[in-house]
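Comments concern the structure below.
The values are calculated or read from the model by the stated rules, or taken from the named source; none is laboratory data. All of these numbers come straight from a predicted model, not from anything done at the bench. Glycine also receives a Cβ, built like all others from the backbone with ideal geometry; neighbour counts cover every protein chain displayed. Ligands, DNA and RNA are excluded from the accessible area calculation, which covers all protein heavy atoms including side chains. Shrake-Rupley method; radii C 1.70, N 1.55, O 1.52, S 1.80 Å.
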Amino acid sequence: MSAAADPRELDLDALRQRLLPESGGERSTSIPELADADPDLCAIALALPDGSVRSSADGAVPFSIQSAVKPFLFALALADTDGAALDRVGIEPTGEAFDAIKLESGTGRPPNPMVNAGAILTCALVDGDDPDERASRIVAGLSSFAGRRLEVDDDVAHSEHLLGDRNHALAHLMRDEGTLAVRADDAVSVYARACAVLVNAQTLAVMGATLALGGVNPVTGERAVSARIARDVVAVMATCGVYDGSGRWMRAVGVPAKSSVSGAIVLSAPGRLGAAVVSPPLDEHGTSVRGRIGAETLSDDLGLHVFG
Ligand code: GLN
């Protein structure tokens, strides 16, 4: 293996050019906004401990964060409950799809915070007396990870809420189990807004870096969450972040990450950097095809594999 490249010098546009001809995968059809996404959007971004952010072309193109929000929702729930969120949601990988209608047997808790059931629950654990207050708290908390003020795409949030039948089913199931304390529809409405927050590859890389670097945003110097919470979240990304593709991901890429149906993948390389690789066409696990190949290349070129 050749020596690891310097992340300050890696040619991200050359990597993007290598990824573009990869034409496998399909865009999500779960909502019209994702079905209409540009299939050739392709971006790679890195956020480094010195606060520098580098990206390829398309690094500033906005998209909805979708499930890449889940690690940050878990972090905010841990912060707002003083860690008690760990009693309310499991942390075991499921080996199943992100929207599987399944809770932990025996407890009725969501299996982990990286699948939909878990994220619907963590949204309900953040501070706020009603859905609007919780959604505002989430957007403010995500903005602190991002180092800039983020916003919800209302059309995406509306579609998610209207068309997310499986998410409504999961919320009702958790109500029935007594594990979700708020109204099912309120819980889905907040989760839909969290998934609809607009980011770009550069922003997502900074968010990933904030988790990778002990909870402090390297661009603003602001602490988003405690080092303990950042560590806990990255650990759960490592085991559960790519759903039923998590084992394969950990072997091949070896960097804790979270995939999403918008084709965005956020990576947190502990103590090293944050990264985002983004392109809408997805494989059968709901992971961006170009994103996975790009992440493998970044891991190899920069020597990021945690077991490397
Ligand atoms: N908003 C999407 C959903 O709830 C998020 C899923 C994902 O990105 N994997 O179905």
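Listed here are the residues, each with its yes/no results for (1) open to solvent by 20 Å² or more (accessible area, probe 1.4 Å); (2) of a type in the set (D, E, K, R); (3) within 16 Å of the ligand (Cβ to nearest atom).
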{"residue": "167", "(1), (2), (3)": "no, no, yes"}
{"residue": "176", "(1), (2), (3)": "yes, yes, no"}
{"residue": "192", "(1), (2), (3)": "no, no, yes"}
{"residue": "207", "(1), (2), (3)": "no, no, yes"}
{"residue": "217", "(1), (2), (3)": "no, no, no"}
{"residue": "222", "(1), (2), (3)": "yes, yes, no"}
{"residue": "232", "(1), (2), (3)": "yes, yes, no"}
{"residue": "235", "(1), (2), (3)": "yes, no, no"}
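Can you find, within the range 237-286, the residue that is nearest to residue 218 (Cα to Cα) among those that are outside any strand (DSSP E or B), of a type outside the set (D, E, K, R) and more than 15 Å from the chain's Cα centre (by Cα)? Going through the qualifying residues, I end up with 271. On the stretch given as the range 59-73, residues that are of a type in the set (Gly, Ala, Ser) and more than 11 Å from the ligand (Cβ to nearest atom) total 2. Restricting attention to the range 12-58 and to residues that are in a loop (DSSP other than H, G, I, E, B) and of a type in the set (S, T, N, Q), the residue that is farthest from the ligand (Cβ to nearest atom) turns out to be 52.
Per the conditions (1) within 16 Å of the ligand (Cβ to nearest atom); (2) closer than 19 Å to residue 63 by Cα; (3) surrounded by 24 or more Cβ atoms within 10 Å (Cβ to Cβ), the sole criterion not satisfied by residue 145 is (1). Of all residues in the range 268-283, those that are of a type outside the set (Phe, Trp, Tyr) have Cβ atoms under 8 Å from Cβ atoms of residues that are surrounded by fewer than 21 Cβ atoms within 10 Å (Cβ to Cβ) and part of a strand (DSSP E or B), 6 or more apart or on another chain, in 281/26; 282/26. Within the range 222-234, the residues that satisfy the criterion of being in contact (Cβ under 8 Å) with a residue 24 or more places away in the chain, of a type outside the set (D, E, K, R) and assigned to a helix (DSSP H, G or I) are 229, 230, 233, 234.
I need the full set of residues from the range 76-132 which are surrounded by fewer than 17 Cβ atoms within 10 Å (Cβ to Cβ) and acidic (Asp, Glu), in order please. Answer for the range 76-132, where residues must be surrounded by fewer than 17 Cβ atoms within 10 Å (Cβ to Cβ) and acidic (Asp, Glu): 82, 87, 92, 96, 127, 129, 130, 132. Only a single criterion out of (1) in a helix (DSSP H, G or I); (2) away from the ligand (no atom under 16 Å from the Cβ) is not satisfied by residue 182, namely (1).
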